[in-house]
Structures are given as C-alpha cells and as structure tokens.
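Visitor: Sharing a structure, written as structure tokens. Questions coming.
The values are calculated or read from the model by the stated rules, or taken from the named source; none is laboratory data. All values reported here derive from a predicted model rather than from experimental measurement. Every residue, glycine as well, gets a Cβ built from its backbone with ideal geometry; the counts of neighbours run over all protein chains shown.
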Amino acid sequence: MRKGYITGPVLGALWMLVIATTIAVTMSFATGAAFRPQVLLSLIWGAVAGLIYVRFPARRAPARLGVAALLGLSCLTGFGPVLIGSDTTLQAVLITVIAVAVVMHVSMAAILKELPFAELTRHEFEDAVIRFCTGFGYIFFTAIVVIPFYVMVMTSLKSQQALLQNPLDFSVDLSQGTALFRSYTELFRDFNFGTYLWTSFYVSCLTVFITLLFSVPGAYAVARFRFQGQKAFSRSILLIYMVPMIVLALPIYIAFSLTGLRNSILGIVMIYPVTTIPVALYMLQGYFRGLPTEVEEAGLMDGLSRLAVIWKITLPLSLPALASVSLYVFMIAWNEFLLAFMLLDDPSKFTLTRGVTMLNSSEIPRQHLMAGAVIATVPIMALFLGLERFMTKGLTAGSVKG
C-alpha cells in the first residue's frame, strides 16, 4: 500500500466517488433535475486519474489537464462519474461537465500533492491519507449542516402548486420577485408570528438576566470560598441534567396548574432559569478558578469590599466568559420546546417554538412550516455568528504578569 502507484489510484478512486456524489447531490438540489453518481465508473475513473496524477508531477500539467477534461466530457456520454438525466437543461449539463473537470483537477492535485510514483516514506503516505480524510470531512460535515437548511429555505419559498407538482424539486423561480416570500408575509399577517418572535425574545433575555443574577455569585462562591460541602456541591451542579426533563414534566405541570402559573409568561420565565442555572454555574466556576487571585487580593488590600471586587474587577475580566454563557443560555431558552408545549395553551402567549409546532398540521401548507422554521433559526444563527469572537478571545491575557 505504501507505494505511489498503489496509494494514488486507491485514494483517487475513493476521492472521485466523493466528488461525483457531491456534484450529483448539489446539482439535483440546485436544478431539480435528475443527477446520479455512478459508483463503479467513479471508482474506475478515479483510479485512472490517481495513477496519472502520481505518474506525472505538477510540472507536467498537460497530462493532468487532459485526464481532467476527458473526465468531464465523459459525463456527456453516460459513461462518466455523474449520470445526467435526459430532462436536464443545456446550462445545467455544461455546469456539471465543467464542475467535474475543475473540481477533480484542483482537489486531486491537492490530495496527491508531491506524491512520488515509487516507494513512499511513512510521512508521505500518512500525509496523503490525512489530506484525503480532511477533504472528506469538510465535505461530509458541510453537507449534513447545509442540506437540511437549504431544503428548509427552498421549501419555504415555493408555492403550494409547485410543491404538489414535484415535492423533491428544490429549485426556485427567481422571476417571481417578492412573491417568493409570500409564506413569510402570510405568517406575520395571518398567524401572529410577530408576537411569537417578541415573546421568545424577551423571555430569553429575562432568562439570561435571571440566570446570571444567580449563577455569577454562586459560581464565585464555589470557586473562591471554602465551606462545608463545597467540593460535593461543585461536583453535583450538573446532576439535574441526569434526570430527563420528560420525567419532571408531570410534576411541573401539576404544580403550575395548582398555583395558577400554567399558561402564563410568568411561569415560563420562572421555570426556564431552573434548566439554565446549573450549566451556567458549571461554566462560570471553572472560569473563575482560572482568574488570578492576586488581582482580587490587591483590590481587597486597597479597601474594596468583596462585592466591589466582584463588580469592579472580576466581572470586567469575565466579560468574554459572561458573553459566552449568556449566548448559550439565550440559545437554550430560544430553542426550548417541551416546557412551552406543556405549559402554554393560549396562542397569544406562544413562544416561537410553540408557534412553529402549531404549523405542523395537515390543514396548513408545508411551506408555512418551513418558513416558520427559518424564522426560528436565522436570528439565533446570526446572534451566534456575531458573538462568536467572545467565545474564543483570550480571556485573561495581560491581567497579571510574572
């Protein structure tokens, strides 16, 4: 196996199968036409291409470019790695041919980079395998994230007639203009989704505030003070997550019904922090332990009280950690479904997840459900991308030297 003329064809065959599958799936979703990877032909073409790319180094590019062009043109004959359906438009056929040739040439050259035709060293062999696994990982994990989101968005932009004609056609007609967004307009106009958005937003914000209000002093006490049972408490913070929420559902429902908190926003705001405070305590106590005690001791020696030290020293140093915890808690509250489904019956008090569930009905068009899912997903995704830098920033860099 550790010979260039064996490793090249094997990796080339496997990689061509990955490329063919990726291009076929992409073109099928983009155009709605029939594209299918041909497994056996992909393996054969990939093995041939891998052998040529190993036999002819990068400086002898014509041989590589020739096999790439031949590979792309083979798709027109039905004997290529990607089988193109008969109802495909000429534009889609040309895109497929070019994509197969270009993607194969660029990626194959990167994977089999400087791989000799003769005996391979252990480093050369492992380096080629790692490049293959890295490329496959990027494609695979991108696909499992992008494809569901793409299907959700494209379905939300289609009309009921288009869905009935071909439910698997995920292409859209851009000539419709603003009519593409009719499902979103109808959600806000007929299904009160503006209220659901606002309710989820302020409930999530209140959950973050209450969670930090309790978890910051609690985590600081566990990290800095010594008291009886401190270690046991520190280790048992996350024990609540060992009990499935479905087990607690009935007691919570009964208790809230008896106290009149069911079907009220107050009840939701009271119960959500119960599920988020433990994880916030766990995250913050670990961070507080990593903060240098010298800074806080200096503040105490200057006459500050313990609360003043926390407010003026610890919390400013902890802003990135607080942002991370706040984002995580906000996401939990925004996406929470079980408690909202169990405790809320009045549509005027629905959170966004509860409102999306209401759309899952045979009487409501499927594109409205997908539009609701997009509305529930995009804000939290934008928030995460906007605050991601706080989660990776050096938290205490430069606070103490020496």
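Visitor: If you go through the stretch 230-264 one residue at a time, how many are part of a helix (DSSP H, G or I) and either surrounded by 15 or more Cβ atoms within 10 Å (Cβ to Cβ) or in contact with a Ser or Thr (Cβ under 9 Å, 6 or more places away or on another chain) (or both)? Quick ask: steps written out before the conclusion?
Guide: Our first condition is that a residue be part of a helix (DSSP H, G or I); within the stretch 230-264, this holds for 230-235, 237-242, 245-259.
Retained after the next criterion (residues that are either surrounded by 15 or more Cβ atoms within 10 Å (Cβ to Cβ) or in contact with a Ser or Thr (Cβ under 9 Å, 6 or more places away or on another chain) (or both)): 233-234, 237, 240-241, 245, 248-249, 252, 256.
Count: 10.
Visitor: Residues to consider are P116, P81; find the one that is of a type outside the set (F, W, Y) and surrounded by 19 or more Cβ atoms within 10 Å (Cβ to Cβ).
Guide: Details: P116 fails: surrounded by 19 or more Cβ atoms within 10 Å (Cβ to Cβ).
Unique residue meeting the criteria: P81.
Visitor: What single numbered condition from (1) surrounded by fewer than 21 Cβ atoms within 10 Å (Cβ to Cβ); (2) closer than 30 Å to D346 by Cβ fails to hold for F193?
Guide: (1)
Visitor: Output the residue which, of all residues in the stretch 84-101 that are of a type in the set (S, T, Y) and at pLDDT below 90, is farthest from A30 (Cα to Cα). I'd like the intermediate steps shown before the answer.
Guide: Narrowing the stretch 84-101 to residues of a type in the set (S, T, Y): 86, 88-89, 96.
Checking the rest, the ones that are also at pLDDT below 90 come to 86, 88-89.
Details: S86: 16, T88: 12, T89: 12 Å.
Among residues in the stretch 84-101 that are of a type in the set (S, T, Y) and at pLDDT below 90, the one farthest from A30 (Cα to Cα) is S86.
Yes or no, residue by residue, for (1) in contact with a helix residue (DSSP H, G or I) (Cβ under 6 Å, 6 or more places away or on another chain); (2) under 22 Å from S171 (Cα atoms):
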{"position": "M342", "(1), (2)": "yes, no"}
{"position": "M358", "(1), (2)": "no, no"}
{"position": "S361", "(1), (2)": "no, no"}
{"position": "G372", "(1), (2)": "yes, yes"}
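Visitor: Taking only pairs six or more apart or across chains, which ones have beta-carbon atoms under 7 Å, a first residue in the stretch 199-210 that is more than 11 Å from Y272 (Cβ to Cβ), and a second residue that is of a type outside the set (A, V, I, L, M, F, W, C) and in a helix (DSSP H, G or I)?
Guide: Every condition considered, the pairs that remain are T199/K349.
Visitor: Testing G177 on (1) assigned by TED's automatic domain parsing to the domain that holds T351; (2) at pLDDT below 90, one condition comes back false. Which one is that?
Guide: (1)
Visitor: Follow-up. Only residues in the stretch 358-379 that are at negative phi count as the first member; pair them with residues that are outside any helix (DSSP H, G or I), Cβ under 6 angstrom, at least 6 apart or cross-chain, and list the lot.
Guide: If the second residue must be outside any helix (DSSP H, G or I), the pairs left are Q367/K158; H368/L359; L369/L359; L369/N360; G372/L359.
Visitor: Quickly run through the stretch 124-138 and pick out the residues that are within 16 Å of V54 (Cα to Cα) and either in contact with a His (Cβ under 7 Å, 6 or more places away or on another chain) or of a type outside the set (G, A, S) (or both). Full working, then the answer.
Guide: We begin by selecting, within the stretch 124-138, every residue within 16 Å of V54 (Cα to Cα); these are 124-129, 131-132.
Result: E124, F125, E126, D127, V129, R131, F132.
Visitor: Quick check on V39: is it surrounded by fewer than 20 Cβ atoms within 10 Å (Cβ to Cβ) and among the β-branched types (V, I, T)?
Guide: Working: surrounded by fewer than 20 Cβ atoms within 10 Å (Cβ to Cβ): yes; among the β-branched types (V, I, T): yes.
Spelling it out, V39 is indeed surrounded by fewer than 20 Cβ atoms within 10 Å (Cβ to Cβ) and among the β-branched types (V, I, T).
Visitor: So how many residues does the stretch 323-335 have that are surrounded by fewer than 24 Cβ atoms within 10 Å (Cβ to Cβ) and either over 16 Å from G386 (Cβ atoms) or outside the structural domain of V208 (by TED's automatic domain parsing) (or both)? Full working, then the answer.
Guide: Start the filter on the stretch 323-335 by keeping residues that are surrounded by fewer than 24 Cβ atoms within 10 Å (Cβ to Cβ), which leaves 323-324, 326-328, 330-332, 334-335.
Adding the requirement that they be either over 16 Å from G386 (Cβ atoms) or outside the structural domain of V208 (by TED's automatic domain parsing) (or both) leaves 332, 335.
Total satisfying the criteria: 2.
Visitor: Now for a separate question. Has the stretch 177-185 got any residue that is β-branched (V, I, T) and either exposed (fewer than 14 other Cβ atoms within 10 Å of the Cβ) or over 24 Å from A376 (Cα atoms) (or both)? Give the derivation first.
Guide: Initially, the stretch 177-185 is screened for residues β-branched (V, I, T), giving 178, 185.
Among the residues that remain, those that are also either exposed (fewer than 14 other Cβ atoms within 10 Å of the Cβ) or over 24 Å from A376 (Cα atoms) (or both) are: 178, 185.
Yes - at least one qualifying residue is present in the stretch 177-185.
Listed here are the residues, each with its yes/no results for (1) small (G, A, S); (2) free of Cβ contacts under 8 Å to residues at least 24 places away in the same chain.
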residue: F214; (1), (2): no, no
residue: G218; (1), (2): yes, no
residue: S234; (1), (2): yes, no
residue: I237; (1), (2): no, no
residue: V247; (1), (2): no, yes
residue: P251; (1), (2): no, yes
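Visitor: Now a separate question. Take the conditions outside the structural domain of T26 (by TED's automatic domain parsing), of a type in the set (F, W, Y) and closer than 30 Å to I277 by Cβ and apply them to F170. Does it pass? Steps first, please.
Guide: On the way: outside the structural domain of T26 (by TED's automatic domain parsing): yes; of a type in the set (F, W, Y): yes; closer than 30 Å to I277 by Cβ: no.
No, not satisfied.
Visitor: In addition: Checking the condition in a helix (DSSP H, G or I), under 19 Å from F341 (Cα atoms) and of a type in the set (V, I, T), which residue from T185, T207 passes? Spell out the reasoning first.
Guide: Values: T185 fails: under 19 Å from F341 (Cα atoms).
Selected residue: T207, the only one of T185, T207 that is in a helix (DSSP H, G or I), under 19 Å from F341 (Cα atoms) and of a type in the set (V, I, T).
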